[in-house]
1. Percent antiparallel among DSSP beta bridges with both residues in the protein assembly as shown, to the nearest 5?
2. Using a basic spin-label model with each label point 7 Å from the Cα along Cα→Cβ, how many nm lie between B:K80 and A:C275?
3. Quick one: 3J(HN,Hα) in Hz for segment B:411-418, Karplus 6.51/-1.76/1.60 with θ = phi - 60°, rounded, Gly and Pro as x.
4. Given 10 °C and 1.306 mPa s, how large is the Stokes-Einstein diffusion coefficient of segment B:291-412 in µm²/s, with Rh as the Kirkwood radius over Cα pairs?
5. Computed FRET efficiency, Cβ-Cβ of B:E379 and A:L21, R0 41 Å: what is it to the nearest 0.05?
6. Using Cα positions and a limit of under 24 Å, work out the lysines in reach of A:K3, with same-chain residues fewer than 8 apart set aside.
7. Quick one: 3J(HN,Hα) in Hz for segment B:345-355, Karplus 6.51/-1.76/1.60 with θ = phi - 60°, rounded, Gly and Pro as x.
8. Name the lysines eligible as straight-distance cross-link partners of B:K138: C-alpha to C-alpha under 21 Å, and not fewer than 8 places from it in the same chain.
Amino acid sequence: MNKAAKEKTINLLFILPAVALFSIFSLYPIIRTVQLSFYKWDGIATTMQFVGLLQYKDIIFHNPAFWKSMANAAYVTTLALTFQNGLALLLALLVSREIRGENIYRTIFFLPPVLSGIVVGLIWKWIYDGNYGILNHFLTGVGLSHFTNFAWLAEIKTSLTAVAVVHMWKGFGYGFIILLAGLQTIPKELYEAAKVDGADSWQQFKHITVPSMIPVFTVVAILTILGSMQIFDLLYSMTQGGPAGHTHVPITRIYQFMGNGEFGYSTAMSVIFGCLLLAVSFIQIEVSRRMNK
Amino acid sequence: MLRIVRLLIACALLVPFTSCSQNISRKADVVIWHWMTDRQAAFEKIAAQYEKETKVSVLFETYAPSEVYRDKVRAAATGKLLPEIFSTLGDKREVSSFINAGYIADLSADMQTGWKSHLFDKPLSQNTFPEGNEWKVKPGIYGVPIDVSAIMIYYNKDLFKQAGLDPKNPPQTWEAFLEAGRKLRAAGIQPFASGFSEGWLIGVFANSYAWNMLGEQGILDTIKGTIKYTDLRWLKVYQVFADMAKHDMFASGIATMVNKDAERTFATGKAAMALNGSWGVNVYFSMNPNLNYGVMMPPKMSLGEYPMRIFGGEGSSLNVNATSPNKDKAIAFLKWMTAKEQQIQLAQETKNIPSNQEAAGGLSDILKIFAQNIKNTFESLPVSESWQVNNVINTDMQAIIIGEKTIDQAAAEIQAEKMRQSGAK
């Protein structure tokens, strides 16, 4: 065996486990999901009925509940993109100023994201509870007696926002860490030069920080969009899609159909949802690329 | 050389996948998957006794919550990894899929040997597929009930007394029920809690009134499509929720309340009444052993032409894996488990109603009321409504509770879904 072939073999050896794992646990499920979406199958029967694009047609034109759930996910995503990332950026800017105990803040802010979604959901469900909730106890304590038995998760006006607040609380730590890492890569000389030229803090932020951070903002935005659109565990443990379906998101709908033996239909929903997420991510990358030019 | 290396890597990657298949059922002679976490200790005791008597090892494995269990069973079925005994935890349509795919054994022949005569008829009929059933299942008995349950309204006697109500005479009519709610609310007590976030419980309550207003034939005609969900009798069913909402009977957050929360709300005296199953006796005992309560039938509507019915019959049923080499051992164990002595033991330890009629003698007063009302549970129907229609009913009843929809709007939506599903078929 010559040297080049030997090197090629060794290289192959290194990537083979990763390729194998990726193929088994990612590629194959994706291909199988797309394949199943063309069949009517209850997940148990040994035979499947080929229905072509019929299920796609039904979802797109005759399933308003699915699109309503998409709108709910978009609402949560919009809140997360603005408030969650806004808070993450603010905290990252504060911590990047070489303050004392920087690592302690990092750890504290990164704690919520590493907690289990179901556990966080159940804890917050208790906080919001109309009968026992500490939130109502506090509000009543400060004189807002209207909230004595207010069920935050069972009211149409508050349920989705209440879940979104928890989602943002749980998620801002990711953005914080990434943004902080991004801020620390900006050369200090740029700020020093700007100061010499008489730029104030706002001008430094606008003309140095923001342009330098656009690639990082893109990553954070994409992760936020993907994470928020796919919200499931929090919602499932807090409202199960209620009241009256007002907090359903695409994943809970997909899960609902799958749980009721509509495997083919739910995989078609998954494919549509996956394609939409891909499209949003590509648009985001393209916009950021143009802004970066 | 390169080929040998590639071959070795491929073999190494395949080893874990080949070695894990088919091993799952060999942990014991009979492996049973179940979701009843509160009964694991009692089950283990029973299994140990059986092994001592017969030398056949039995292993109970718990997977919870029930949705996770259900998903696991489905996945195991498609992977041909089902244990000897399991339950689908689904409705008849789902069970029929398992049977038609060959995963569930027909126990009719074994039942004819005297086994059947010891068990309550109702839960057995729910495990039976009659001739000409809509799911095209070969007629037969496909499951073994291990206990019996019914869903009724629990009421807190102390809170009733506090509100000036007679705890010995709970409300029998719909009007008296609403009046009781008014008195409870006036005394600062939340009248009614239940896990209405879980679609099935709100559906159970609605169904009780559907049986009351339409009777069996009316329900069958609705499923067939000859009676519409906008029919006046159905409007009366939806009116139940509107009336209760109007009289402020629901506990805070009932529309997103899971049953575990509702059980806690009732057990801690935060609500005076709760719609719950007979398993609640065990749950309330574990939450508050001093809770002073009674049970009552959901009160009949004055316009209801038919007897009031409640959800119930089979509590938990188990199925035998038709493809297991230890199928006979599994059936033998289930026969032994549903025999009088074992059923008495399980009933005492788990505070449930046994499926063996001969073991129902020593029940507590509350469980006796449940057992007496097994005869009033819904009849097993040869057809079922689509899950999508049921889902719209459940969701729209929540919408009525929170004041989002009127009963006419809900009726129109349910009928529209019915038409949609009829067209889809």
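1. Close to 70 percent.
2. Output for this residue pair reads 3.5 nm.
3. So the J values, rounded to whole Hz, are 4, 4, 5, 5, 5, 4, 5, 4.
4. Result for D is 86 µm²/s.
5. Values: r = 53 Å, r/R0 = 1.28.
The calculated FRET efficiency here is 0.20.
6. The qualifying lysines are none; the list is empty.
7. 4, 5, 4, 5, 7, 10, 6, 10, 7, x, 7
8. Filter leaves B:K92, B:K116, B:K122, B:K327.
FYI, it's all coordinate maths here, none of it is from the lab. From a predicted model like this one, the values you see are computed outputs, not experimental measurements. A quick note on method: Cβ atoms are made from the backbone with ideal geometry, for glycine too, and the neighbour counts reach across all protein chains shown.
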